[in-house]
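Novice: Take a look at this one; I'll ask things after.
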Amino acid sequence: MNEIKWNDRFNIGVDGIDKAHQRLFSIVGKLLNLNEDRNKQQHACREGIKYFKNYTLKHFAEEEAYMQSINYSEYGIHKSLHDNMCNNTLPALERELESQNYSVESVQHFLGICVGWLNGHIMIEDHAITGRTPNKWVHEPSEDEMVSLEKAIIQTLETLFRVKAEIVSLHYSGEDFSSGNALCYRLTYSVTEGKPIQAYLVYEDQMVLSMLNDILGKQIKRVDKTVTYAIKMLSQKFMDCLAAHFTLTNSYQLEKIDLMTFDQIARVLALEKQYPPYSLLFSTEKNGYFAFFVKC
């Protein structure tokens with residue numbers, strides 16, 4: 001693979017920040033090349049990823065100092081996005097890398113999440129610093145709300161699917177986390193008062209196959225119509241179980257479930273003026289990724 005070329009569309013107009021972003025993409029480009037070289041892949045990727053993390057932390061601190069120096073009004077929510085990346089996303093990805101001994105697939109997961117996050121964060125949130133775009137993370141749920149939702153999802157995944165999960169991001173914005181394909185469902189609920197609510201569940205294919213293999217005690221090697229219908233019904237049950245945690249079962253009535261592509265899901269998030277307040281990404285132990293978000 002050739003060296004990644006810097007695209008001027010990423011420039012926000014602040015020299016120090018733009019140079020740091022160029023450096024981050026350069027590091028990612030080198031890691032992509034290393035991951036294609038099996039002889040160098042493990043050790044070099046380990047050291048390269050460590051450097052990427054350290055440089056990211058340094059850049060975040062410098063960017064936050066700049067925002068404070070200009071009294072940026074959205075400093076608090078922007079810093080929370082940095083904190084989420086540092087405290088949740090990077091540690092979860094590192095644990096996956098270690099548990100899979102820096103396999104090609106785990107490095108692809110790491111790079112895919114990081115590239116997607118960097119692209120979305122720079123083009124929306126960083127451009128907002130200089131007024132080029134509006135900030136899309138407008139709503140910031142309370143910490144108690146997010147902790148309760150995170151715990152409820154993790155418990156429901158374990159109870160219903162016998163899958164152990166951990167949080168990767170509390171601010172999922174549509175990054176492509178799937179190394180292969182994903183099954184995506186939109187569940188639309190009518191509400192007694194107010195507009196309908198849509199819940200989106202996104203399962204990486206390997207998670208789906210692993211779950212059904214466990215449920216059926218039979219090796220299933222590909223996602224077919226039987227699999228999509230099974231996960232459709234399980235998704236409805238997932239939402240029923242999740243609603244029970246918050247005593248909402250009588251307030252919402254399911255109207256329909258739509259099967260969607262990952263591209264359609266990403267477009268939903270991209271086209272919205274604001275990101276959903278509840279938008280989370282989880283990794284499941286050796287079983288791939290799972291995303292959940294709610295659009296009101």
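The values are calculated or read from the model by the stated rules, or taken from the named source; none is laboratory data. All values reported here derive from a predicted model rather than from experimental measurement. Note that each Cβ is placed from the backbone with ideal geometry, even for glycine, and that neighbours are counted across all protein chains shown. To get the accessible areas, we keep the full protein, side chains included, count just its heavy atoms, and leave off ligands, DNA and RNA. Shrake-Rupley method; radii C 1.70, N 1.55, O 1.52, S 1.80 Å.
Novice: Estimate the FRET efficiency between residue 138 and residue 7 by the formula 1/(1 + (r/R0)^6), using the beta-carbon distance for r and 25 Å for R0, to the nearest 0.05.
Specialist: Working: r = 27 Å, r/R0 = 1.06.
Efficiency at R0 = 25 Å is approximately 0.40.
Novice: How much accessible area per residue does segment 139-211 have, in Å², with a 1.4 Å probe?
Specialist: 43 Å²
Novice: Give me the one-decimal nm value for the distance between modelled label points at residue 188 and residue 251, 7 Å along each residue's Cα-to-Cβ direction.
Specialist: 2.1 nm
Novice: Sticking with this structure for a sec: Out of segment 165-246, which trypsin sites (Lys or Arg not before Pro) are coil in DSSP terms and have no more than 14 other C-beta atoms within 10 Å? Let's see the in-between values first.
Specialist: Values: sites: 186, 218, 221, 222, 225, 232, 237; in loops: 218, 221, 222.
Those satisfying the criteria are 218, 221, 222.
Novice: Relative contact order for the chain: what percent, with Cα pairs under 8 Å and sequence separation of 6 or more?
Specialist: Numbers: 388 pairs, mean separation 59.1, N = 296.
Normalised by residue count, the contact order of the chain is 20 percent.
Novice: Roll a 1.4 angstrom probe over the protein heavy atoms and tell me the percent of accessible area of segment 165-229 that is carbon or sulfur.
Specialist: Numbers: 1500 of 3090 Å².
With neighbouring chains kept in place, the figure for segment 165-229 is 49 percent.
Novice: With charges set only on the Cβ (+1 for Lys and Arg, -1 for Asp and Glu), what does the dipole of segment 150-254 come to about its Cα centre, in debye to the nearest 20?
Specialist: Details: 11 positive and 11 negative charges, 77 e Å.
The dipole magnitude comes to about 380 debye.
Novice: Give the Rg (one decimal place) followed by the Dmax (whole number) of segment 118-204, computed from C-alpha coordinates and expressed in Å.
Specialist: Looking at segment 118-204, its Cα Rg and Dmax stand at 16.0, 46 Å.
Novice: Hey, any idea what the orientation-averaged projected area of the convex hull of segment 57-211's Cα atoms comes to, in nm²?
Specialist: Values: hull surface 45.3 nm².
With the hull built on Cα positions only, its mean projection is 11.3 nm².
Novice: Same structure, new question: Wrap a convex hull around the Cα atoms of segment 151-273, take a quarter of its surface area, and give that in square nanometres.
Specialist: Working: hull surface 33.2 nm².
With every direction weighted equally, the projected area is 8.3 nm².
Novice: Using a simple spin-label model with points 7 Å from Cα along the Cα→Cβ vector, what separation in nm is obtained for residue 158 and residue 263?
Specialist: 3.8 nm
Novice: Please compute the modelled spin-label separation between residue 296 and residue 87, points set 7 Å along Cα→Cβ, answer in nm with one decimal.
Specialist: Using points 7 Å along Cα→Cβ, the separation is 2.3 nm.
Novice: Exactly which trypsin sites (Lys or Arg not before Pro) in segment 38-143 are in a DSSP loop and have at most 12 other Cβ atoms within 10 Å? Walk me through the numbers on the way to the answer.
Specialist: Values: sites: 38, 40, 46, 50, 53, 58, 79, 95, 132, 136; in loops: 38, 40, 132, 136.
Passing both the DSSP loop test and the Cβ count: 38.
Novice: Report, largest value first, the span of the C-alpha coordinates of segment 70-114 along each principal axis, in whole Å.
Specialist: 43, 16, 11
Novice: Right, something else. Helix-only mean residue ellipticity at 222 nm, the chain, DSSP H runs n ≥ 4 weighted -39,500 (n - 2.57), per residue, nearest 500. What is it?
Specialist: Working: 9 runs with 149 residues, N = 296.
After summing the helix terms and dividing by the residues of the chain, the value is -17000 deg cm²/dmol.
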